[in-house]
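Colleague: My questions all concern the structure below.
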Amino acid sequence: MMLTVTLNAALDLTYRVPALVPHTTHRVTEVIERPGGKGVNVARVLAALGHEVTVTGFAGGDTGRVLRERLADQPRVTVAFAPVAGTTRRTLAVADAATGDTTQLNEPGPAVTSAEWAAFLGSYEQLVRRPGTTAVALCGSLPPGVPVGAYALLVRAARAAHVPVLLDTSGEPLRRAVAARPDIIKPNAEELAELTGSHEPARATRDARRRGAHAVVASLGADGLLALTPDGGWQARPPAPVRGNPTGAGDSAVAGLLSGLAEGLPWPDRLARALALSAATVAAPAAGEFDRATYEDLLPRVTVTGRPAAA
Ligand code: TA6
């Protein structure tokens with residue numbers, strides 16, 4: 001059983017328009033509504049891969065109710081959100097069919113009180129210590145009211161319970177939590193540069209490890225995934241770019257890394273899976289989903305170069 005934490009869950013809405021032109025009215029040609037927020041997307045991909053997964057975080061108000069109901073319908077997903085008096089946010093992705101570009105608009109999320117945060121912490125400690133929890137993923141932005149050191153606390157609790165923990169966030173919450181020594185972080189190039197001050201990915205991944213992360217997997221868009229781990233360093237590259245909606249591609253990479261970790265795959269295989277899943281999500285209509293045919297086609301064609309650490 002894996003656990004994903006989405007403190008700022010969302011109901012994700014995607015509008016497809018023929019071409020996005022500022023200052024004009026658009027006729028939407030397709031509307032997609034899905035449970036979202038990064039950890040929720042990770043959970044949906046893990047479940048589609050056949051893993052049992054529990055989702056936690058906060059859910060409240062009408063959108064929170066819809067989120068719980070939709071997720072409860074998903075096979076292999078157990079819903080364990082903590083309540084919040086405020087209303088779970090919505091996000092809007094506007095997909096421009098002409099260019100293939102997506103414009104993302106994310107609400108800030110509900111204000112979380114200190115009592116709600118304390119109640120969540122108690123339930124998280126229980127979930128992470130539950131026998132059979134194989135890994136935990138901490139994903140996404142923090143809603144207002146949640147302390148900036150939240151992920152550092154959650155990383156420490158997972159490590160105290162001897163459960164491997166993967167962190168996918170940005171900014172100050174990432175900087176503080178890296179010092180708590182997560183097993184894996186998965187920043188994109190921008191988040192890694194913000195953390196380390198270096199725009200050179202090889203140097204920045206080394207720096208992020210020095211700051212405390214055991215393994216760093218940087219997602220570099222068309223350049224694939226760059227990993228620096230205690231077992232060695234590798235780069236996974238896609239055979240060709242995939243066109244489509246990139247929203248949620250990083251979440252699917254996290255699901256690939258986590259499932260590979262839980263199955264005991266060696267790092268190169270984990271990276272190949274993460275990259276193929278990420279590209280297969282670009283080929284799918286929404287975050288938290290992937291095109292299985294694209295995944296199966298790409299997986300054997302991902303190139304992984306690098307080497308294990310010297311013994
Ligand atoms: O990665 C895509 C996505 O997970 C969307 O589904 C949306 O809910 C958003 O990102 C949330 O990201 P944030 O950083 O605002 O927590």
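Colleague: Looking at the chain as a GNM with Cα springs under 10 Å, which of Asn41, Asn106, Asn245 has the largest mean-square fluctuation?
Modeller: Asn106
Colleague: Quick one: work out the % antiparallel among DSSP beta bridges in the stretch 117-267, nearest 5.
Modeller: Roughly 50 percent of the beta bridges in the stretch 117-267 run antiparallel, per DSSP.
Colleague: Sticking with this structure for a sec: How large is the accessible surface of Asp101 in square angstrom, using a 1.4 angstrom probe and rounding to the nearest 10?
Modeller: In the full protein context, Asp101 sits at about 90 Å².
Colleague: Taking Cα pairs under 8 Å and at least six residues apart, what relative contact order does the chain come out at, in percent?
Modeller: 15 percent
Colleague: Further question: Provide Asp183, Asp62 ordered by accessible surface of protein heavy atoms (probe 1.4 Å), highest first.
Modeller: So the residues, ranked largest to smallest area, are Asp62, Asp183.
Colleague: Take the alpha carbon gyration tensor of the stretch 171-238, find the square roots of its eigenvalues, order them as a ≥ b ≥ c, and report rounded if a/c is under 1.5; if not, report prolate when a/b exceeds b/c, else oblate.
Modeller: Oblate, since a/c reaches 1.5 and b/c is not below a/b.
Colleague: Provide the solvent-accessible area of Thr87, counting protein heavy atoms only and rolling a 1.4 Å probe, rounded to the nearest 10 Å².
Modeller: Thr87 exposes around 80 Å² with every protein chain in place.
Colleague: Any chance you could run the full-extension gain for Arg301 through Ala119? It's 0.36 nm times the residue separation minus the Cα-Cα distance, nm to one decimal.
Modeller: Between Arg301 and Ala119, full extension yields an extra 60.9 nm.
Colleague: Percent of accessible area on the chain owned by carbon and sulfur, 1.4 Å probe?
Modeller: Carbon-and-sulfur percentage of accessible area, whole number: 53.
Colleague: Given a 10 angstrom Cα cut-off, can you work out which residue in Thr103, Thr169, Thr24 is the most mobile in a GNM of the chain?
Modeller: Taking springs between Cα atoms under 10 Å, the residue moving most is Thr24.
Colleague: At 0.36 nm per residue, and after removing the present C-alpha to C-alpha distance, how many nm does the segment from Arg211 to Asp73 gain when stretched out fully?
Modeller: Extra length available between Arg211 and Asp73 comes to 45.6 nm.
Colleague: With a cut-off of 8 Å between alpha carbons and a minimum separation of six or more residues, what is the relative contact order of the stretch 1-133 in percent?
Modeller: Relative contact order here is 29 percent.
Colleague: Could I ask something else about it? Quick check: Cα centre of the stretch 215-232 to Cα centre of the stretch 101-153, how many Å?
Modeller: Each part reduced to its Cα centre gives a spacing of 25 Å.
Colleague: Just want to confirm a number: the relative contact order over the stretch 186-311, from Cα pairs under 8 angstrom separated by 6+ residues, in percent.
Modeller: Normalised by residue count, the contact order of the stretch 186-311 is 23 percent.
Colleague: Also, quick follow-up: How many percent of DSSP beta bridges within the chain run antiparallel, rounded to 5?
Modeller: 45 percent
Colleague: Oh, and also: At most 12 other Cβ atoms within 10 Å and a DSSP loop assignment: could you name the trypsin sites (Lys or Arg not before Pro) in the stretch 208-311 that fit?
Modeller: Arg243
Colleague: Considering the Cα positions of the chain, please state its Rg to one decimal place and its Dmax as a whole number of Å.
Modeller: My reading of the Cα-based Rg and Dmax gives 18.4, 62 Å.
Colleague: Does the stretch 121-232 come out rounded, prolate or oblate by the C-alpha gyration tensor, with a ≥ b ≥ c the root eigenvalues, rounded set by a/c under 1.5 and, if not, prolate when a/b is larger than b/c and oblate if not?
Modeller: Cα axes put the stretch 121-232 in the prolate bin.
Colleague: Search the structure for amide H atoms under 5 Å from the amide H of Met2, placed 1.01 Å from N in the peptide plane, and list their residues when 5 or more places away or on another chain.
Modeller: Amide H neighbours of Met2: Glu52, Val53, Thr54, Thr134.
The values are calculated or read from the model by the stated rules, or taken from the named source; none is laboratory data. None of these values were measured; they are calculated from a predicted model. Neighbour counts run over all protein chains shown; Cβ positions are idealised from the backbone, glycine included. Accessible surface is based on the protein model in full, side chains and every heavy atom, while ligands, DNA and RNA are left aside. Shrake-Rupley method; radii C 1.70, N 1.55, O 1.52, S 1.80 Å.
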